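*Asks:* Right, I'll just put the structure down here and ask away after.
The values are calculated or read from the model by the stated rules, or taken from the named source; none is laboratory data. Computed from a predicted model, the values in this text were never measured in an experiment. Backbone-built Cβ (ideal geometry, glycine too); neighbour counts: all protein chains shown. All accessible areas refer to the heavy atoms of the entire protein, side chains included, with ligands and DNA or RNA removed. Shrake-Rupley method; radii C 1.70, N 1.55, O 1.52, S 1.80 Å.
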Amino acid sequence: MSDIITVRNLYKIFGDKPKVAIKALKEGMSKDDILRKHKQIVGVQDINFSVQEGEIFVLMGLSGSGKSTLQRLINRLHEPTSGEIVIKGTDIVKLNMKDLREFRQKNFCGMVFQNFAILPHRTVLGNVEFGLELQGVDKEERQEKARKIIRLVGLEGNEENYPSQLSGGMQQRVGLARGLAVDADILLMDEAFSALDPLIRRQMQDELLELQSRMKKTILFVTHDLDEAFRLGDRIAIMKDGLIVQMGTAEEIISKPADDYVKTFVEDMDRSAVLTAGTIMLPVKERAFTGDGPRTILRKIRRFGLSGILVTDSKRHLQGYIIAKELAEYVEKNKGKEDLKMDPSLVREALHVDRDMPLNEVINIYQEADYGPIAVVDAGQRLEGVIVRGAIIAALSEGYEVELNDSSEPTESTESRGPSESSKSSESHAPPDASASSRPGD
Amino acid sequence: MLPFRIPIRDWISTAVDYLVSEYAAVFDAFSALVYFLVDNFKDGMMYLHPLALIIVIAAITLKMAGWRVALFAVLGLMLSENIGLWRAFVETLALVLTAELLVMVVGLPLGVFAARNDRFHSIIRPVLDFMQTMPAFVYLIPAVMFFGLGLVPGVVATFVFALPPLIRLTNLGIRQVPKELVEAADAFGATGSQKLFKVQIPVAMPTIMAGVNQSIMLGLSMVVIAAMIGAGGLGEDVLRGIQRLQVGQGFEAGLVVVIMAIILDRITAGLGEQRSTT
Ligand SMILES: Nc1ncnc2c1ncn2[C@@H]1O[C@H](COP(=O)(O)OP(=O)(O)OP(=O)(O)O)[C@@H](O)[C@H]1O
Ligand SMILES: [Mg+2]
């Protein structure tokens with residue numbers, strides 16, 4: 001995965017004495033003091049980061065922390081005070097206005113704004129084809145393309161409607177479609193979903209992830225909402241006073257907050273929405289195979305003192321779950337029989353979840369379960385791990401990274417087999433159409 | 001107090017004489033243009049049978065302002081014809097249309113320029129303020145100074161009087177285009193003229209149309225006053241009514257002016273609304 005945007009030593013000072021302000025910053029003066037003493041506003045300072053191709057990179061922070069400023073610097077709606085912004089090998093800070101315009105046309109899918117910023121005098125179709133029109137694409141071609149994108153964002157049938165006839169959520173989609181219609185790969189979204197009510201917002205986030213899995217744009221997404229940041233972001237940069245204070249994946253930030261500022265953010269966070277089944281599952285230490293006889297299986301169970309065991313075929317495809325007590329009774333009843341065959345009715349349906357399922361949904365499933373652990377499977381239904389009650393509780397309390405051991409819940413754990421093997425096999429078997437939210441960094 | 005009189009009148013006369021003789025060609029060309037426009041409008045409308053013109057106007061009104069106003073237009077125009085003021089009606093309309101055409105040709109670019117250039121805006125704003133506080137009457141003076149009496153100074157006075165609101169509202173409309181819309185266009189790599197013609201002007205259109213509406217209304221009021229310097233049309237009938245104390249005749253002409261004002265107002269107001277709601 002290569003870097004598509006690289007930002008180095010970027011500063012933006014609003015005011016007439018930027019040099020003074022930068023000097024003061026380098027001497028360690030704070031943003032507030034610079035405003036008080038020199039009357040200069042620090043937009044962003046000392047920014048260094050890269051965004052990889054196909055990644056959703058989220059900028060997040062409190063109001064006034066410099067998120068919008070940073071995003072606007074990336075396509076030079078703001079002129080940087082100093083620093084480099086290298087996009088696909090071109091330092092855009094050095095471009096003249098004409099080249100910059102062309103560069104924007106080629107590389108940016110415009111911008112998606114909090115208040116939509118769609119054109120009131122144009123129909124949905126007219127809005128979506130706007131970017132293509134500016135590029136001089138001829139009418140037939142751009143309308144065909146626009147119609148395709150309109151279908152993609154679920155607005156078909158509204159092509160000829162004006163924005164004032166649409167709901168907020170639909171207008172938002174028009175803004176999104178306008179960006180996606182342009183054949184460029186960097187999409188800038190500034191608080192794009194903030195104006196929506198929570199339900200539609202959630203739906204738009206899902207749709208964005210869905211679209212992203214198909215279109216593979218590079219998205220720089222600004223939000224002040226941590227839940228949104230963690231749901232969407234492959235990586236997240238947390239900003240404060242124009243600085244990036246921490247950068248990393250949701251899990252990294254939640255488990256190792258860099259300072260108290262980040263910690264207060266993370267504390268309000270609904271951890272169960274960030275953590276997924278895959279992050280809290282335990283390796284499967286022992287499993288039964290479809291061909292195993294009842295006595296072999298019982299031996300496996302007894303060896304680890306389990307209350308039951310998951311069954312897979314030889315390719316790790318999940319087949320079901322056997323409850324220890326039922327199996328023991330069956331073996332007891334058929335004591336005398338040599339060559340006892342497995343009774344298929346003993347293999348019950350195994351509760352299972354996708355590895356990307358958020359923890360809060362896992363909890364719901366867990367509450368309905370009356371037997372067994374929850375199996376975690378990949379997109380191809382191959383067993384990857386198990387979730388036991390103790391692990392969920394530990395994950396929800398802050399110290400989820402403390403070791404989760406079986407003794408906390410001996411009745412439901414399974415045993416043996418190293419974690420390395422299970423994760424490796426899931427990697428190599430991963431189908432090409434890996435699920436929507438799989439992270440490019442993986 | 002002073003032993004002599006300050007000769008303002010002589011200065012002005014000298015200056016005007018100088019300008020008129022020095023730039024005779026310019027003044028002549030302008031006069032020719034005004035005659036050309038007014039005559040064409042007038043001849044075009046007089047060429048049609050009154051009933052045909054009434055139908056045309058009613059159709060436009062129907063499209064822009066709905067059937068109630070269209071019905072009003074039909075009745076009002078038929079009344080005007082009936083009381084023998086048809087020719088005066090057409091003359092006044094031709095005058096208003098000519099003046100408004102000139103106002104748009106000059107006012108729109110100036111308004112756009114004022115919106116894009118703060119310096120020009122800061123110069124023109126006090127001028128516009130000043131122009132709007134002046135009584136309509138005063139505009140007759142420079143018009144007469146340069147063009148004498150007749151149709152042309154009438155159009156000039158009307159033009160000058162009706163110009164400010166269009167510049168003002170065009171400027172305002174474009175300045176009020178949400179910043180995000182312009183930024184969005186920038187982010188897509190729009191050129192300056194693409195921004196202007198695909199975003200700023202269309203988005204500002206309702207406000208610009210309000211400017212057109214206001215200037216037509218001001219223009220119409222001025223055209224009536226301009227009859228005092230011989231511009232002709234309905235104003236002349238009003239004026240004659242007043243001068244000869246023929247109250248009834250003056251009232252009739254005034255009534256036709258009102259009918260025209262209502263029709264023009266509803267049509268141009270409809271323009272702005274249509275843009276903003278569809
Ligand atoms: N055009 C401008 N002129 C002067 N100062 C500005 C300008 N734009 C932003 N700032 C200042 O830069 C700082 C960062 O602002 P920015 O808009 O980037 O914050 P933000 O993180 O996007 O906040 P929000 O969540 O409220 O949108 C603030 O102190 C702000 O006052
Ligand atoms: Mg912002």
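*Asks:* Among A:Ile301, B:Ile141, B:Ile225, what's the order by accessible area (1.4 angstrom probe), most exposed first?
*Replies:* Largest accessible area first, the residues go B:Ile141, B:Ile225, A:Ile301.
*Asks:* R0 = 41 Å: FRET efficiency of A:Arg202 with A:Lys256, Cβ-based, nearest 0.05?
*Replies:* My answer for the efficiency is 0.90.
*Asks:* For region B:21-277, place one equal point scatterer on every Cα, skip the solvent, and apply the Debye formula. What is log10 of I(q)/I(0) at q = 0.09, 0.17 Å⁻¹?
*Replies:* Relative scattering, expressed as log10 I(q)/I(0), comes to -0.45, -1.31.
*Asks:* Could I ask something else about it? At what distance in nm do the modelled label points of B:His49 and A:Lys26 sit from each other, each positioned 7 Å from its Cα along Cα→Cβ?
*Replies:* About 8.8 nm separates the two model spin labels.
*Asks:* Put B:Trp86, B:Trp67 in order of accessible area, largest first, 1.4 Å probe: what do you get?
*Replies:* B:Trp67, B:Trp86
*Asks:* Among DSSP beta bridges whose residues both lie in chain A, state the antiparallel percentage, nearest 5.
*Replies:* 60
*Asks:* Test of understanding: in a Gaussian network model of chain B with alpha carbons linked when under 10 Å, which of B:Val112, B:Val144, B:Val16 would top the mean-square fluctuation ranking?
*Replies:* B:Val16
*Asks:* Taking beta carbons within 10 Å but only from partner chains, what does the mean come to for residues B:175-183?
*Replies:* Across B:175-183, the average partner-chain Cβ count within 10 Å equals 4.
*Asks:* Return, ordered by residue number, the residues of region B:96-131 whose backbone nitrogen is under 14 Å from a label point located 7 Å along Cα→Cβ of B:Phe36.
*Replies:* Correct set: B:102.
*Asks:* Using every alpha carbon pair in region B:173-222, what percent of pairs falls into each 10 Å bin from 0 up to the bin containing the largest distance?
*Replies:* For region B:173-222, the binned pair fractions read 26, 40, 20, 11, 3 percent.
*Asks:* If you don't mind, there's one more thing I want to ask. Is any residue of region B:152-172 close enough, with backbone N under 20 Å, to a label point placed 7 angstrom from the Cα of B:Tyr23 along the Cα-Cβ axis, and if so, which?
*Replies:* Counting only backbone N, you get B:152-164.
*Asks:* If you count, for every residue in A:71-77, the Cβ atoms of partner chains within 10 Å of its Cβ, what is the mean?
*Replies:* 2
*Asks:* Between B:Ile12 and B:Asn82, what's the calculated FRET efficiency when r is the beta-carbon distance and R0 is 41 Å? Round to 0.05.
*Replies:* 0.30
*Asks:* Right, next: For A:Lys333, which lysines qualify as cross-link partners when the Cα separation must be under 23 Å and same-chain residues fewer than eight apart are set aside?
*Replies:* Output for A:Lys333: A:Lys300, A:Lys325, A:Lys341.
*Asks:* Could you give the length gained by full extension between A:Lys19 and A:Lys98, i.e. 0.36 nm per residue of separation minus their alpha carbon distance, to one decimal place?
*Replies:* Extra length available between A:Lys19 and A:Lys98 comes to 25.7 nm.
*Asks:* Let me ask another. Who wins for biggest fluctuation among A:Asp354, A:Asp32, A:Asp185 in a Gaussian network model of chain A, springs between alpha carbons below 10 Å?
*Replies:* So, out of A:Asp354, A:Asp32, A:Asp185, the one fluctuating most is A:Asp32.
*Asks:* What distance in nm separates the simple spin-label points at A:Asp183 and A:Thr296, each placed 7 Å from Cα in the Cβ direction?
*Replies:* Between A:Asp183 and A:Thr296, the simple spin-label model gives 5.8 nm.
*Asks:* Go ahead and run the numbers for FRET between B:Leu245 and B:Thr133, Cβ-Cβ distance against an R0 of 30 Å, rounding to 0.05.
*Replies:* Calculated value: 0.35.
*Asks:* Per Stokes-Einstein, at 4 °C and 1.567 mPa s, what whole-number D in µm² s⁻¹ belongs to chain A, with the Kirkwood radius over Cα pairs as the hydrodynamic radius?
*Replies:* Approximately 52 µm²/s, per Stokes-Einstein.
*Asks:* Highest GNM mean-square fluctuation, chain B, Cα pairs closer than 10 Å: which of B:Tyr139, B:Tyr18, B:Tyr35?
*Replies:* Result: B:Tyr18 has the largest fluctuation of those listed.
*Asks:* Right, something else. Compute the accessible area of each residue in region A:115-136 twice, once for its chain alone and once with every protein chain present, using a 1.4 Å probe on heavy atoms, and list those whose area falls by at least 20 Å².
*Replies:* Residues shielded by partner chains are A:Asn115, A:Ala117, A:Leu119, A:Pro120, A:His121, A:Phe130, A:Glu133, A:Leu134.
*Asks:* Could you check the spin-label model distance between A:Tyr371 and A:Glu326? Points 7 Å from the Cα along Cα→Cβ, value in nm.
*Replies:* The answer from the label model is 0.3 nm.
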